[in-house]
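Peer 1: I am attaching a structure below and will ask some questions about it afterwards.
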Amino acid sequence: MERSFELPLRVGISTRALFDLEEEHKVFEDSGVEAYIELQRARENLHLEKGAGFQVVQRLLNLNREGEPPSVEVILLSRNSPDLSLRAFRSIEEYKLNVKLGSFTSGRPLERFVSAWKIDLFLSNENTDVSAAVDAGTAAAKLVKPPTLVDEENADEVRIAFDGDAVVFSEESDLVYKERGLQAFFEHERANAHNPMKAGPFGHFLKKLSLLRHAHLYAPEVSKVRIGIVTARNAPAHERVIHTLRAWGTPADEAHFVGKNAKAPILAAMGAHIFFDDQQDHVSKAAEFVPAGLVPGPHAPTETIIPSDE
């Protein structure tokens, strides 16, 4: 599929990522599909509570200007049956979200529809769908249970944070560190400081997000879309990050080179509305403060890569 770098930005999100359906999903796992259907129908007129992806979706949709072509579109992608779509769309109406499109597959995998809808970012709670979407070249993440979401006054601003290596950038430098050690990593990054890194699974999404950022500038280099990089790199390995972002034309509003320090407090201070990382430990700790998603990557879930000499 030829990749487009024109707006609108298209976000695909599963029902369980947009809304809190953990109780219903537990019934499905423990008691089977018939019990799940019965419960959903019994609650058909009760609106769903907000899920891990709700806040970022709401804020992205708030960027759309009335009377103008949308700069963001959200498509609901669900393994539910069409019969059970009523509760989701009634909840969407209750929250006044402008989401009108969706696919309901009655249990079939969603990855083919991610491509068919030309999704730029796919958010889900299902490992297989997320991994398949990434393999097909779409930015995708498995969301984890978020903290209690707090609505802020500046609801027209959205702040999205990314890890660097194996998320925005390729895993090349991570692998140098993993296979040859810290000193070889720093030597590699110094030698290649002005050579842009290759794109990782979220590299193309970052470029599309940068178009959205530019479209919503309200002062020189001040946008309603704020992009942050939060990485375990520190100086001098930070230089290649900056030069890569310059070469891509994707300026970051914030960059935090945390070394061996925890990312979670930085993300809380930033007030990120979502954070993407390829390491389970960083995602789990971040999710205590902000919504967070795990990006399938080259490292084992329990493996922590910290290319820092602190």
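The values are calculated or read from the model by the stated rules, or taken from the named source; none is laboratory data. A quick note: this is a predicted structure, and the numbers were derived from the prediction, not measured. Every residue, glycine among them, receives a Cβ derived from its backbone with ideal geometry; neighbour counts consider all protein chains shown. Side chains included, ligands, DNA and RNA excluded: accessible areas come from the protein's heavy atoms. Shrake-Rupley method; radii C 1.70, N 1.55, O 1.52, S 1.80 Å.
Peer 1: State which residue pairs qualify: first residue within 11 Å of Gly164 (Cβ to Cβ) and inside region 244-260, second residue surrounded by fewer than 17 Cβ atoms within 10 Å (Cβ to Cβ) in any location, beta carbons under 7 Å apart, and separation of 6 or more residues or different chains.
Peer 2: Going by the 7 Å Cβ cut-off, the qualifying pairs are Thr244/Pro196; Leu245/Pro251; Phe257/Ala235.
Peer 1: So Asn62 fits all but one of (1) open to solvent by 20 Å² or more (accessible area, probe 1.4 Å); (2) free of Cβ contacts under 8 Å to residues at least 60 places away in the same chain; (3) of a type in the set (S, T, N, Q); what number is the exception?
Peer 2: Failing condition for Asn62: (2).
Peer 1: Run down Pro82, Pro69 and say which single residue is under 29 Å from Lys207 (Cβ atoms), touching a residue at least 12 places away in the same chain (Cβ under 8 Å) and surrounded by fewer than 13 Cβ atoms within 10 Å (Cβ to Cβ).
Peer 2: Every option except Pro69 fails the conditions.
Peer 1: Oh, and also: Are any residues in region 56-66 in a helix (DSSP H, G or I) and of a type in the set (Lys, Arg), and if so, which ones?
Peer 2: Arg59
Peer 1: Among (1) touching a strand residue (DSSP E or B) at 6+ places or on another chain (Cβ under 9 Å); (2) at pLDDT 95 or above; (3) surrounded by fewer than 20 Cβ atoms within 10 Å (Cβ to Cβ), which single condition is Gly271 missing?
Peer 2: (2)
Peer 1: Go through region 90-113 and give me each residue that's open to solvent by 30 Å² or more (accessible area, probe 1.4 Å) and farther than 22 Å from Val33 by Cβ.
Peer 2: Glu93, Glu94, Tyr95, Lys96, Asn98, Lys100, Leu101
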